[in-house]
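Written out below as structure tokens is the structure these notes cover.
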């Protein structure tokens, strides 16, 4: 039989059944003791509903029903978080995928209004002028309290957005753990800033600034001067000489003054000779974010610092988070053959910070996209960049640190050219402009906030609210 006849036959049968459904008596046709019935057309076409689990509802209390609803919502929230952590370019790559890795930092962060918290941001020239760090500082201090710009050197060779400094009288020399070899000095006691300033009979003038963009950096109420060995120092604030309290651990000295109110400027006089490792302009409570740029540094140079010049500071300052932002200075010279050795050097550097600051969490920030411009004007990203970023991620995670992929955050291969064309990066196709640095800093802060909110959810500090229909369902019970 031909297919069209089969189809025609089926249609005719269905039409006949439909007519029976329409015209068959609703009460059926009685034949003796038997009644023949045929379903109505609406019954034949109806979609059966899922039977309600009335038995389960009947035995559950309203409280148990609500617990079921909340459990479902929490599962949904967990799914959202897991999807973000698996797919979003701005996610943090946590060591061993440990979702609780940053919990200790978050706990310190939300207690910062009662106990001072320090965040240290080490990096290369990408963070010079207080770029990126200044925005993070403003955001953290706005939400969790605090004031002041944090650690600054006695001699500032690169101007910043947030501090004005000048040095007068006497003699001054600066030695660094990075940069040209002739800048090393006679010993490796460089301190937490990786630089030491030798002063004799000098006066340091400091003014906090920043305007509305960095309003919390414009004042401070605590000053601490870090030195190698004891020193004779004089502090003047608002025309008054302020008493400095001195404490020391080994060769490292801390000269601290807690001001009666806030100040925006200070003058430090050095009598005789002093080796200054840094000056802190802080708040008594809240969060401080230190900007620690190192032009030309690739990261492992930090291993040149004498640990005894850092451990006392890291232990004293309640450091909760260390950001390490390196890689940009290495990329132009890296080849695939060199990546394994580079990875081991970076792991050693990260492990050094973990050993010196066991209470701090570490996030390694990888390099941005970087590009070359050839003789024809064609712009292309460094070919080794994806492998270099992958290597740094592995180095961070294998060393027990988190990793933030700035290369992917900004768009991956070829993105630097777009940032330059948009005015967000400079014509060197390496460094962000102030506008670009702000965007990157905001993205990093919002990423940290996402994980912080998830921490609050997991720890039960933020309640999961039921949808409105679930509340109505409870009322109906």
For the stretch 132-141, check the following and say yes or no: at least one residue is in contact (Cβ under 8 Å) with a residue 60 or more places away in the chain, over 28 Å from the mean Cα position of the chain (by Cα) and under 24 Å from residue 303 (Cβ atoms). no
From 296, 377, 320, 341, which residue is in contact (Cβ under 8 Å) with a residue 12 or more places away in the chain, outside any strand (DSSP E or B) and either exposed (fewer than 15 other Cβ atoms within 10 Å of the Cβ) or under 19 Å from the mean Cα position of the chain (by Cα) (or both)? 296
Is it the case that the stretch 265-281 has a residue that's within 27 Å of residue 117 (Cα to Cα), touching a strand residue (DSSP E or B) at 6+ places or on another chain (Cβ under 9 Å) and in a loop (DSSP other than H, G, I, E, B)? no
When you check residue 209 against the structure, is it free of Cβ contacts under 8 Å to residues at least 60 places away in the same chain, surrounded by fewer than 21 Cβ atoms within 10 Å (Cβ to Cβ) and closer than 21 Å to residue 121 by Cα, yes or no? yes
Within the stretch 65-80, residues surrounded by 15 or more Cβ atoms within 10 Å (Cβ to Cβ) and free of Cβ contacts under 8 Å to residues at least 60 places away in the same chain come out as none
Subset of the stretch 225-257, residues under 32 Å from the mean Cα position of the chain (by Cα) and at pLDDT below 95, comes to 249
Could you list, in sequence order, all residues of the stretch 222-245 that are within 27 Å of residue 194 (Cβ to Cβ) and crowded, with 16+ Cβ neighbours inside 10 Å? 222, 223, 224, 225, 226, 227, 228, 231, 233, 235, 244
With respect to residue 285, is the statement that it is surrounded by fewer than 22 Cβ atoms within 10 Å (Cβ to Cβ), on the phi < 0 side of the Ramachandran plot and assigned to a strand (DSSP E or B) true? no
Among the residues of the stretch 395-416, are any without any contact (Cβ under 8 Å) to a residue 12 or more places away in the chain and either assigned to a helix (DSSP H, G or I) or within 19 Å of residue 322 (Cα to Cα) (or both)? no
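The values are calculated or read from the model by the stated rules, or taken from the named source; none is laboratory data. Computed from a predicted structure; not experimentally measured. For neighbour counting, all protein chains shown are included, and Cβ atoms are generated from backbone atoms with ideal geometry for every residue, glycine included.
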